[in-house]
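Everything on this sheet refers to the single structure shown next.
The values are calculated or read from the model by the stated rules, or taken from the named source; none is laboratory data. Just so we're clear, the structure is a prediction, and the values are computed from it rather than from any experiment. Heads up, the Cβs are rebuilt from the backbone with ideal geometry, glycines too, and the neighbour counts pull from every protein chain shown.
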Amino acid sequence: MSLYSTNENKNWIKATRAYYRYIDAKNLDGLYQLFTDDIVYIRAGTPAIIGMQQFQNFYEKGRIIHSGKHKRLTFETKKQSLHTSGVFVGILKNGDSVEVKFSEIFYFDKQGKICKRITRFPARMRKI
């Protein structure tokens, strides 16, 4: 039995779609409002990002991506999480054009904010 209603699942999808819109548009203020202050962000091969300050530092200084778009998004709700996958096509800060498949799991608090996010890259980023 799911702990969350169908309406909450729809809100999760809406919040996750907003995340990808905000990040692709470089709207960091909008992005940050989707997450809790104690956000935990786990990325394959890197130390966990814990708390809003580290999360903001990652997006403002540590992210290697200059610009791009998340495409072919799929969404699947589970008991307490939303699973997404797709392809990112963009330009890195070093000027390389890249394409990479990704999958993510988003966890939500009772107010509908994202409290945990896990990102996986099933294949290496490839230059295009």
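Of the residues that make up region 47-58, is at least one touching a helix residue (DSSP H, G or I) at 6+ places or on another chain (Cβ under 7 Å) and among the β-branched types (Val, Ile, Thr)? Looking for residues that are touching a helix residue (DSSP H, G or I) at 6+ places or on another chain (Cβ under 7 Å) and among the β-branched types (Val, Ile, Thr), one finds at least one in region 47-58, hence yes. Pairs linking a residue in region 23-49 that is at pLDDT below 95 and in a strand (DSSP E or B) to a residue that is of a type outside the set (A, V, I, L, M) and surrounded by 12 or more Cβ atoms within 10 Å (Cβ to Cβ), with Cβ atoms under 8 Å and 6 or more positions apart or on different chains, are ARG43/THR119.
Within region 35-65, which residues are over 22 Å from ARG120 (Cβ atoms) and touching a strand residue (DSSP E or B) at 6+ places or on another chain (Cβ under 6 Å)? MET52, the sole residue that qualifies.
Residues in region 54-102 that are small (Gly, Ala, Ser) and either under 23 Å from TYR32 (Cβ atoms) or touching a residue at least 60 places away in the same chain (Cβ under 8 Å) (or both): GLY62, SER67, GLY68, SER81, GLY86, GLY90. In region 80-88 there is at least one residue that is among the small types (Gly, Ala, Ser) and within 19 Å of LYS127 (Cα to Cα).
Hey, any hits in region 85-98 for a residue that's under 11 Å from the mean Cα position of the chain (by Cα) and over 17 Å from ARG17 (Cα atoms)? No, there is no match, as no residue in region 85-98 is under 11 Å from the mean Cα position of the chain (by Cα) and over 17 Å from ARG17 (Cα atoms). With respect to (1) more than 17 Å from TYR22 (Cβ to Cβ); (2) among the polar types (S, T, N, Q); (3) in contact (Cβ under 8 Å) with a residue 12 or more places away in the chain, the lone exception for THR119 is condition (1).
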